[in-house]
Amino acid sequence: PCVVRCQPCFCCPACGRLTATRVCRVRREVESPTPAWLTRTQRDLKRLGWFYHYDLSAVMGFPRLHLLDQDAWGSLLPDLAVGAAALDVGAGSGQLLRDFSPLFDTVVATELSTPLLWRLRLEGAHAIKADSITEDSLGGWWGHLEVVFLLNVIDRCKEPAALLRQAAAALRPGGRLVLSVPLPWEQRDAAELAAEPQTTLAVEGESWGAAASQLLQVLSGLGLRAVRLVRAPYWSSGSELRPVLALDAAIVVLERAEG
């Protein structure tokens, strides 16, 4: 069954309200809109084909993103081992990584482009170029990871079920997989860009609650047991007309099911 626990820093699943403290922290992170000149520059460079969209984000630092702060991550992941190592898959420019990285001795991050790897190293991560999670790509970290983060990735990748299995296999015994995905489910970038057939997860439901329930069933079928589920806004800085944009995210803490 789904385990939903309200925490002071989380959006309440029942009423959807945020505490004043939570709102203030988010405002410091993302409230200022992207300057108009920067938006125009990004648009012009994309039109010229000089940069991939996410490379532009890495170089220019926009849009600003926020999911949970350090205190909230610490509450969601209690009793971390001393010297724990974490992996952030598809970490982007590292804006979400910086909030949970102080909880770990080592944070490894994967991405595909040089600008993103450069940005991740500035955030203090061990950035490696990899399009899959394998023993070859992770080296000595394989099988020794306390936590693997998949934050807003599985709704954008080509084979989400395969990625979830790879992530679970990289964990140490008793390790945890942290999944964040906006709900209701909507397959995004990869579905539009993929040259080959795209696979998706059978997560339906028009409401957040219905979609979250189906997501947990799908994850259970992949051998992953949910131990925590919270509902939280995934914030992004927007335009002058809408300074803050938010998606309704499900954050699930998972363990490999025994047997």
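The values are calculated or read from the model by the stated rules, or taken from the named source; none is laboratory data. Computed from a predicted model, the values in this text were never measured in an experiment. Methodologically, a virtual Cβ is constructed for each residue, glycine included, from the backbone with ideal geometry; neighbour enumeration extends over all protein chains shown. Side chains included, ligands, DNA and RNA excluded: accessible areas come from the protein's heavy atoms. Shrake-Rupley method; radii C 1.70, N 1.55, O 1.52, S 1.80 Å.
Put the Cα centre of the range 217-234 next to the Cα centre of the range 149-182 and the gap is 11 Å.
In this structure, the amide hydrogen of residue 151, modeled 1.01 Å from its nitrogen in the peptide plane, lies closer than 5 angstrom to those of 89, 180, counting only residues at least 5 positions away or on a different chain. Taking amide H atoms as placed 1.01 Å from N in the peptide plane, the amide H of residue 127 lies under 5 Å from those of 109, each 5 or more residues away in sequence or on another chain. Take the range 96-160 with all the other protein chains still there, run a 1.4 Å probe, and you get 45 Å² of accessible area per residue.
Amide H contacts under 5 Å for residue 224: 257, restricted to partners 5 or more places along the chain or on a different chain, H placed in the peptide plane at 1.01 Å from N.
In this structure residue 114 has an accessible area near 100 Å², from a 1.4 Å probe over the protein heavy atoms.
Derived scalar couplings between HN and Hα for the range 163-169 equal 5, 5, 5, 4, 4, 5, 5 Hz in order, rounded to whole Hz, by the Karplus curve 6.51 cos²θ - 1.76 cosθ + 1.60 (θ = phi - 60°), x for Gly and Pro. Each of 85, 67, 116 was scored by the projection of its Cα onto the charge dipole of the range 58-128, and the greatest displacement toward the positive side belongs to 116; charges sit on the C-beta of Lys, Arg, Asp and Glu.
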